[in-house]
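Asker: Shown below is the structure under consideration.
Computed from the coordinates by the stated procedures, all read-outs in this text should not be read as laboratory data. The shown structure was predicted, so the numbers you read here are calculated from the model rather than taken from an experiment. All Cβ positions, glycine included, derive from the backbone under ideal geometry; neighbour counts span all protein chains shown.
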């Protein structure tokens with residue numbers, strides 16, 4: 001067996017526990033700590049210059065939470081967002097139901113330029129999040 005120099009032995013002792021700790025942390029995160037939510041793609045709408053796209057999706061987090069219709073602005077090469085939306089979150093108004101629990105609320109998108117997006121949704125929707133600018137895109141909202 002090859003004998004390690006003193007410096008190499010110290011490095012070996014410090015590196016091995018670090019790697020074991022890192023592997024244990026990754027295993028803990030991947031087993032049992034995953035989000036109970038699922039995102040289902042509804043539509044994608046690329047910007048005129050192809051740099052980004054607006055992605056509309058449904059986010060469902062289990063039977064005890066309402067389903068939300070959400071929109072994110074993401075790089076054009078990205079798929080459906082994994083987490084919460086970065087631009088818009090709307091849900092059914094409990095006093096004025098307009099959707100079945102598994103359907104998306106209608107969201108109408110129109111790119112006015114590569115950095116300006118118009119978004120329209122029903123006035124009876126309950127708004128949880130409404131960002132005015134995401135990834136350099138200015139977002140204008142209106143209801144119908």
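Asker: Can you sort 119, 55, 82, 127 by how many other beta carbons sit within 10 Å, fewest first? Could the numbers behind the result be given before it?
Answerer: Working: 119 20, 55 25, 82 10, 127 13.
Fewest-to-most Cβ neighbours within 10 Å comes out as 82, 127, 119, 55.
Asker: Give me the extension gain from residue 45 to residue 130: residue separation times 0.36 nm, minus the current Cα-Cα distance, reported in nm with one decimal.
Answerer: Fully extending the segment from residue 45 to residue 130 adds 28.8 nm.
Asker: With labels modelled as points extended 7 Å from the Cα through the Cβ direction, what inter-label distance (nm, one decimal) is found for residue 112 paired with residue 82?
Answerer: So the two model labels end up 3.5 nm from each other.
Asker: Quick one, what does Rg over Rh come out to for region 38-143 if you take C-alpha atoms and the Kirkwood Rh?
Answerer: On the way: Rg = 13.2 Å, Rh = 13.8 Å.
That ratio is 0.95, to two decimals.
Asker: Note down the nm distance, to one decimal, between modelled labels 7 Å out along Cα→Cβ at residue 64 and at residue 103.
Answerer: 2.8 nm
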